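Working notes, beginning with the structure itself.
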Amino acid sequence: MKKWLWWGWLFAIATTTTIFFYSYTNNFISNWYSSLLAFQLTTNNTPEVVQQPIPTPKLNTTQAIAAPKVSNHQILAHIKALNFERYEDNSRSKTRDYIINKLKKFGWSPTLQTFEYGINVVAEKPGTNPKAGTILLAAHYDTVIGSSGADDNASGVATVLEVARLLSNFPTARTLKIAFFDLEEKGLLGSFAFANQPENLTNLQGVIVLDMVGFACHTPGCQQYPPGLPITPPSDKGDFLAVIGDAENPQLLAAFNNKNFSDLPPVITLPIPLKGIATPDLLRSDHAPFWMRGIGAVLITDTANFRSPHYHKPTDKPDTIDQEFFTGVVQIVANATAILLQTQ
C-alpha cells in the first residue's frame, strides 16, 4: 500500500474515533450529571426529576438599557426588617408574610406554591409580547439555624423585591417572573420543587439566581477561590460581583456587562463548562436545578465563604453589609434584568 494511502486511512480512522469519543463523552457526562443531581433529589426525598432537558431559545442581549435608579433606603430597609433567623416554620412564615405584603404594595399579585417540605412565593408581570417568553429572577429566603442571614440571603430577597418595585410599571417585551425559594439551605429543596413543575418552565428563557450579594472586603488576600476555577483569579480583594453561568448560554452572562456604568462594582463573569461537574463548589445554589434541565441560568454572588468571614454565622448581621457595594450590585441586577426583558 502506498504511503499516502496508508496515512489517509490512519487519518480517517483517527477522525472517526475522535468524533465518536467526543459524542459518547458528552452524552456520558450529561447523563452522569443528571444522575448525580437526581441522586441528591432522592436523598432529600424531593419529587422525581424531569429526565430530559427542556429546550429554550437563545437570547439576544445587544441592547443597552438602564433600569430606574435603585433606592438605597428601600433595600437596606428590607435587610433590617429581615434581621432574624429564618429557619423554623414560624419564622419562615413571617418572612413570607413580609414578602407578600411588599409585593402587593408594589402592585404584584403573589401566589404560594407549596411542596412537601415548604412554600415558595411566586409572582409575575406579563410582557407586551406573549411570544417573547419569560425571565425568572429568584432568591431563597430561609437561613441556617443560628444565623439571621443578612447577606445569606436577605440581600438576595431585598434585591428581588427592589427589582420588582422598579420594574412594576416598566413595560417589557418579555414576562418577568419572580420567585422566593424556601429551604435552599436544606438542599435546594424549594428550587428543585419549582423546577419539577413543567408549567413553571414553560417558555422560560433565562434564570437569574441571587445568593449573597451584599458583602465586600477590600484587604489584600481577603478573597479566596474554589479549586478548578476555569479562569485566572482577577484579584485577591473581594470588591467585585461574580456572575456564574453555564458556558452554553453566554448571552445571559453578556447581559451583566456593565462597562457602560463605571460607577458600579466590577463584574467578573464565569462561563462554567460541563454544567459545573468539575467545580462542585459552583453547584451549591438554586441555579443548579435549572442547569440540570438545560435551561440557561446565572448565579449572582459575592462568593460567600470565599470572601465573607460571617458565612453561616451569627455575625451575618445588617451592619456587615457593604452599603455602597450592595446598592451597586442591585443596580447591576436591575439593569441586566431590564436588558433581558426587552430582548425579543
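Determine whether THR46 is at pLDDT below 80 and not in a strand (DSSP E or B). Spell out how you get there, then give the answer.
Values: at pLDDT below 80: yes; not in a strand (DSSP E or B): yes.
Criteria met by THR46.
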*asked:* Looking at LEU188, LEU183, LEU161, LEU176, can you tell me which residue is in contact with a Lys or Arg (Cβ under 9 Å, 6 or more places away or on another chain), surrounded by 24 or more Cβ atoms within 10 Å (Cβ to Cβ) and over 23 Å from SER93 (Cβ atoms)?
replied: LEU176
*asked:* Can you tell me which of (1) assigned to a loop (DSSP other than H, G, I, E, B); (2) under 20 Å from ARG96 (Cβ atoms); (3) not polar (S, T, N, Q) is the one ALA173 doesn't meet?
replied: (2)
*What are the residues in the stretch 104-142 that are open to solvent by 40 Å² or more (accessible area, probe 1.4 Å) and in contact with a Gly (Cβ under 6 Å, 6 or more places away or on another chain), if any?*
none
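Is it the case that LEU201 is buried (at least 24 other Cβ atoms within 10 Å of the Cβ), of a type outside the set (S, T, N, Q) and modelled with pLDDT of 95 or more?
No; evaluated as a whole, the condition is false for this residue.
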*Between a first residue in the stretch 223-240 that is surrounded by 12 or more Cβ atoms within 10 Å (Cβ to Cβ) and a second residue that is among the aromatic types (Phe, Trp, Tyr) and in a loop (DSSP other than H, G, I, E, B), which pairs have beta carbons less than 6 Å apart while being 6 or more apart in sequence or on different chains?*
none
*Select, from ASP263, ASP281, the only residue that is outside any loop (DSSP other than H, G, I, E, B), surrounded by fewer than 24 Cβ atoms within 10 Å (Cβ to Cβ) and touching a residue at least 24 places away in the same chain (Cβ under 8 Å).*
ASP281
_Every residue from the stretch 88-99 that is open to solvent by less than 70 Å² (accessible area, probe 1.4 Å) and either outside any helix (DSSP H, G or I) or under 12 Å from ILE178 (Cβ atoms) (or both)_ = ILE99
*Could you list all residues from the stretch 151-179 that are under 18 Å from the mean Cα position of the chain (by Cα), farther than 17 Å from PRO68 by Cα and of a type outside the set (Asp, Glu)?*
ASN153, ALA154, SER155, GLY156, VAL157, THR175, LYS177, ILE178, ALA179
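The values are calculated or read from the model by the stated rules, or taken from the named source; none is laboratory data. Computed from a predicted structure; not experimentally measured. Glycine also receives a Cβ, built like all others from the backbone with ideal geometry; neighbour counts cover every protein chain displayed. Accessible surface areas use protein heavy atoms only, side chains included; no ligands, DNA or RNA. Shrake-Rupley method; radii C 1.70, N 1.55, O 1.52, S 1.80 Å.
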